[in-house]
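Engineer: The structure's right below; bear with me while I get my questions together.
The values are calculated or read from the model by the stated rules, or taken from the named source; none is laboratory data. All figures in this text were calculated on a predicted structure; none of them were measured in a lab. Counting neighbours? That spans all protein chains shown, and the Cβs are built from the backbone with ideal geometry, glycine included. All accessible areas refer to the heavy atoms of the entire protein, side chains included, with ligands and DNA or RNA removed. Shrake-Rupley method; radii C 1.70, N 1.55, O 1.52, S 1.80 Å.
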Amino acid sequence: MKADRDRMPKHVAIIMDGNGRWAKSKGVPRLMGHRAGMEAMKRIVDYSDKLGIKYLTVYAFSTENWKRSVEEVSGIFKLLVTFVNRDLRELIDNNVKVKVLGDYSAIPDDSRKALEKTLKDTERNTGLQFNIALNYGGRDEITRSTQRIAKMAAEGRINPEDVTEETIGKYLWTGAEYADAPDPELIIRTSGEVRLSNFLLWQGAYSEIVISDVLWPDFDEEEYERCIAEYQSRDRRFGGR
């Protein structure tokens, strides 16, 4: 299925799931699955840019992923450094702007420094905005936003009755204070799992969700277009008739 290039969603978010199962199916270590998943991520970033999508958000590492083995977590962050060191020049040349959703101060120093270099070196780019949800959790995000607003109210800088959905949204990781990205029209989850897993809980209130049975490392341009075409086929009513 080919997507209509004239009706592309402005913002696509992806729950990249299936790296571990892919590795198991190949009889290789889980980290090899994450490495293959990193290649898939690069592929989809490049293709999103070609399709004219303005914002792409990927769920790279959740606040719950710290429960995994030390070896796996360490390996994931080392892959992040590899990705940055290898592909930063291409991101810059392609006018891609990188933002992080989440508190990345908690990640290992080498990964944090590589990420900060990417953020700085791409901050003036005006093309595709690539949001990496890293040490991110939807409930944690909403909690942080409301805590900030509560502090402002306690200091007399805002009246509680003046707090609106827009106020809460402003202080989310996607809000004007941080990534300044609109809510995603489309959320894709790979590997056939049917849940949000604490991803963009506020922003995804009216997102269309498309489930792909393809494991993330095998997710390619053709399957991406199929998911977008499925989104385009839907009648979005936002609670109306």
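Engineer: State which residue pairs qualify: first residue more than 13 Å from LEU101 (Cβ to Cβ) and inside the stretch 140-154, second residue among the polar types (S, T, N, Q) in any location, beta carbons under 9 Å apart, and separation of 6 or more residues or different chains.
Structural biologist: ILE149/THR167; ALA153/ASN159
Engineer: Here's a follow-up. Whether any residue in the stretch 216-237 is assigned to a loop (DSSP other than H, G, I, E, B), among the aliphatic types (A, V, I, L, M) and modelled with pLDDT of 95 or more is what I want to check.
Structural biologist: Taking the stretch 216-237 as the starting set, the residues that turn out to be assigned to a loop (DSSP other than H, G, I, E, B) are 219-220, 233-237.
Now drop any that are not among the aliphatic types (A, V, I, L, M), which leaves none.
The answer is no, given that none of the residues of the stretch 216-237 is assigned to a loop (DSSP other than H, G, I, E, B), among the aliphatic types (A, V, I, L, M) and modelled with pLDDT of 95 or more.
Engineer: Using the structure shown, decide if ASP183 is under 20 Å from ALA40 (Cβ atoms) and either among the polar types (S, T, N, Q) or open to solvent by 40 Å² or more (accessible area, probe 1.4 Å) (or both). I'd like the intermediate steps shown before the answer.
Structural biologist: Working: under 20 Å from ALA40 (Cβ atoms): no; either among the polar types (S, T, N, Q) or open to solvent by 40 Å² or more (accessible area, probe 1.4 Å) (or both): yes.
No; evaluated as a whole, the condition is false for this residue.
Engineer: Can SER105 be described as part of a helix (DSSP H, G or I), among the polar types (S, T, N, Q) and under 15 Å from the mean Cα position of the chain (by Cα)? Outline the logic, then answer.
Structural biologist: Numbers: part of a helix (DSSP H, G or I): yes; among the polar types (S, T, N, Q): yes; under 15 Å from the mean Cα position of the chain (by Cα): no.
When the stated conditions are applied, SER105 does not pass them.
Engineer: If we keep just the residues of the stretch 104-131 that are open to solvent by 10 Å² or more (accessible area, probe 1.4 Å) and in contact (Cβ under 8 Å) with a residue 60 or more places away in the chain, which is nearest to ILE15 (Cα to Cα)?
Structural biologist: GLN129
Engineer: Suppose we keep only residues that are of a type in the set (A, V, I, L, M) and in a loop (DSSP other than H, G, I, E, B) within the stretch 154-184. Which one would you say is nearest to LEU56 (Cα to Cα)?
Structural biologist: From the stretch 154-184, those of a type in the set (A, V, I, L, M) are 154, 158, 163, 168, 172, 176, 179, 181; that's our starting set.
Narrowing further to those that are in a loop (DSSP other than H, G, I, E, B): 158, 163, 172, 176, 179, 181.
Values: ILE158: 33, VAL163: 29, LEU172: 17, ALA176: 16, ALA179: 11, ALA181: 10 Å.
That would be ALA181.
Engineer: If you go through the stretch 31-75 one residue at a time, how many are of a type in the set (A, V, I, L, M, F, W, C), touching a Ser or Thr at 6+ places or on another chain (Cβ under 9 Å) and open to solvent by 20 Å² or more (accessible area, probe 1.4 Å)?
Structural biologist: The qualifying residues number 1.
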